[in-house]
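*Asks:* Take a look at the following structure, please.
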Amino acid sequence: TVPEFEKTLFKLETGLAPSPIESRYGFHIVEVLDKQAGIQMTYEQVSAAISNKLSQKAFHQSLCDYLFTLADEAEIEGIEMVLTQENIFRG
């Protein structure tokens, strides 16, 4: 998600936004075609989706950590590698 984009987007009324919306990805021209009220769901309705999302996040974090370790321990010649936890994609 892009919080700065969503925050502005959900405040808009139906129609063309009066000015472009800026996000970390650039500027966006937006037209709101329809707005519908949200529905609060019960835990039972969303528990499987929450569990799946958390499992995917944990797997991705573990995979990134493993790849970082492999790259850090690799003996590669001819290439200058600067590895930090920050430059490994975290998604």
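The values are calculated or read from the model by the stated rules, or taken from the named source; none is laboratory data. Quick caveat: nothing in here was measured; it's all calculated off a predicted structure. Because the Cβ atoms are built from the backbone with ideal geometry, glycine has one as well, and the counts that use them run over all protein chains shown.
Condition check ((1) modelled with pLDDT under 85; (2) touching a helix residue (DSSP H, G or I) at 6+ places or on another chain (Cβ under 6 Å); (3) of a type in the set (D, E, K, R)) across all residues:
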{"residue": "Lys7", "(1), (2), (3)": "no, no, yes"}
{"residue": "Arg24", "(1), (2), (3)": "no, no, yes"}
{"residue": "Ala37", "(1), (2), (3)": "no, no, no"}
{"residue": "Ser51", "(1), (2), (3)": "no, no, no"}
{"residue": "Ser55", "(1), (2), (3)": "no, no, no"}
{"residue": "Tyr66", "(1), (2), (3)": "no, no, no"}
{"residue": "Gly78", "(1), (2), (3)": "yes, no, no"}
{"residue": "Met81", "(1), (2), (3)": "yes, no, no"}
{"residue": "Glu86", "(1), (2), (3)": "yes, no, yes"}
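*Asks:* When the residues of segment 17-45 are narrowed to those that are surrounded by fewer than 12 Cβ atoms within 10 Å (Cβ to Cβ) and among the hydrophobic types (A, V, I, L, M, F, W, C), which ends up nearest to the chain's Cα centre (by Cα)?
*Replies:* Phe27
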